[in-house]
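Shown next, in structure tokens, is the structure this report addresses.
The values are calculated or read from the model by the stated rules, or taken from the named source; none is laboratory data. Here the structure is a predicted model, which is why all the values come from computation and not from measurement. Please note: Cβ atoms are built from the backbone with ideal geometry, for glycine as well, and neighbour counts cover all protein chains shown.
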Amino acid sequence: MNAVVEIKPMGGALASHNQGRMAVSDIIQHVAVVQEVMRAVMKPDVHYGTIPGTPKPTLYKAGAEVLCMVFRVADTYEVTDLSTADTVRYRVNCIGAHQVSGVVLGSGLGEASSGEEKYKWRKAICKEEFDETPANMRRVKHARGKGGTTYKQDQIRTEPADLANTILKMANKRAKMAMVLNVTAASDCFSQDLEDMDAALVDHLTRHEGDAPTDVPAAKTAPTWPAEAFDKQTQRWTKAVAEGLKTTDEILAMARSKGELTPAQEERIKAMKKTEAEHATDDDLPWKD
């Protein structure tokens, strides 16, 4: 992370929790800070990315940690053990508090279980292991491969105790993600750009809100993709879509995160060939972590 972002003191729930409702201008400033951090510090596919089948960027754990640092949110965990003799299961409540004042800002719940598909089964090491496993502890899984092909795989049940630490970490991660989105309201920030808001409305809110700060950051417009750079990337993107490594939605989200697309450029991306098997990679199979 080479860029340096200056974070100015903010109003709103994260700084002025005892002043009643948030001023609308504070909300605009809050969104601006989240998006400035997203542009200058966060990296696509590291701090956020587009999950297949979803239309907007999704915050990852690394991105949630950056937002906690920006807004000085400290996280603590309350763990409830719901495990049984056959299943490891944890429910976690992640509490976010302001590091300076100690005031609780919000919380988020997360849960994980060894009964989930991706934890419950694993690939058999060999044919002998599969054959020697009791019938109720094994199965043959039909899965979709690359290029629209299908295949079978021998699987056996995992030992729940071996996954206890992994299950606890996953429950903590899910709870923290929920807490960060609740406290920072980052979910809408990732899907809605300030420049998409009506300019007159922004001007009115920042000028006429009685307690509005005078240093509300101005919305920044992402640079337009140069034709030469776009043409060069288009060759790589077309190949990635054809090979099922990326979808056109993922390409669009990635391109928009780095610059503004012209209508013609968007149409070129949307016209790239898609196949039914574009998401069918081994990483998508349920027994993969």
Q: Please find, among Thr80, Thr87, the residue that is assigned to a strand (DSSP E or B) and among the hydroxyl-bearing types (Ser, Thr, Tyr).
A: Thr80
Q: Scan region 103-152 for residues that are closer than 27 Å to Arg89 by Cα and over 30 Å from the mean Cα position of the chain (by Cα) and jot them down.
A: Ala124, Ile125, Glu129, Phe130, Thr133, Pro134, Ala135, Asn136, Met137, Arg138, Arg139, Val140
**Q.** Test: Leu109 is buried (at least 18 other Cβ atoms within 10 Å of the Cβ), of a type in the set (A, V, I, L, M, F, W, C) and either closer than 22 Å to Met179 by Cβ or modelled with pLDDT of 80 or more (or both)
**A.** no
Q: For Met179, work out the one condition from (1) in contact with a strand residue (DSSP E or B) (Cβ under 7 Å, 6 or more places away or on another chain); (2) modelled with pLDDT under 80; (3) assigned to a helix (DSSP H, G or I) it doesn't fulfil.
A: (2)
Q: Identify the residue in region 112-138 that is assigned to a strand (DSSP E or B) and not basic (Lys, Arg) and, among all such residues, is modelled with the lowest pLDDT.
A: Trp121
Q.
Criterion first (among the basic types (Lys, Arg) and within 29 Å of Gly244 (Cβ to Cβ)) does Lys118 satisfy it?
A. yes
Q. Within region 226-259, which residues are charged (D, E, K, R) and either in contact with a Pro (Cβ under 6 Å, 6 or more places away or on another chain) or not in a helix (DSSP H, G or I) (or both)?
A. Glu243, Lys246
Q.
Cβ-Cβ under 6 Å, sequence separation 6+ or interchain: first residue in region 240-267 and within 25 Å of Glu36 (Cβ to Cβ), partner β-branched (Val, Ile, Thr) and surrounded by 14 or more Cβ atoms within 10 Å (Cβ to Cβ). Which pairs?
A. Glu250/Thr50; Ile251/Ile269; Leu252/Ile269; Ala253/Thr50
Q: Output the residue which, of all residues in region 70-85 that are modelled with pLDDT under 90 and surrounded by fewer than 19 Cβ atoms within 10 Å (Cβ to Cβ), is nearest to Ala40 (Cα to Cα).
A: Val70
(Q) Condition first: assigned to a loop (DSSP other than H, G, I, E, B), at pLDDT 80 or above and surrounded by 13 or more Cβ atoms within 10 Å (Cβ to Cβ). Now tell me which residues in region 29-69 satisfy that. (A) Val41, Met42, Lys43, His47, Tyr60
Q. Do you know which residues across region 143-175 are of a type outside the set (S, T, N, Q), surrounded by 17 or more Cβ atoms within 10 Å (Cβ to Cβ) and assigned to a strand (DSSP E or B)?
A. Asp154, Ile156
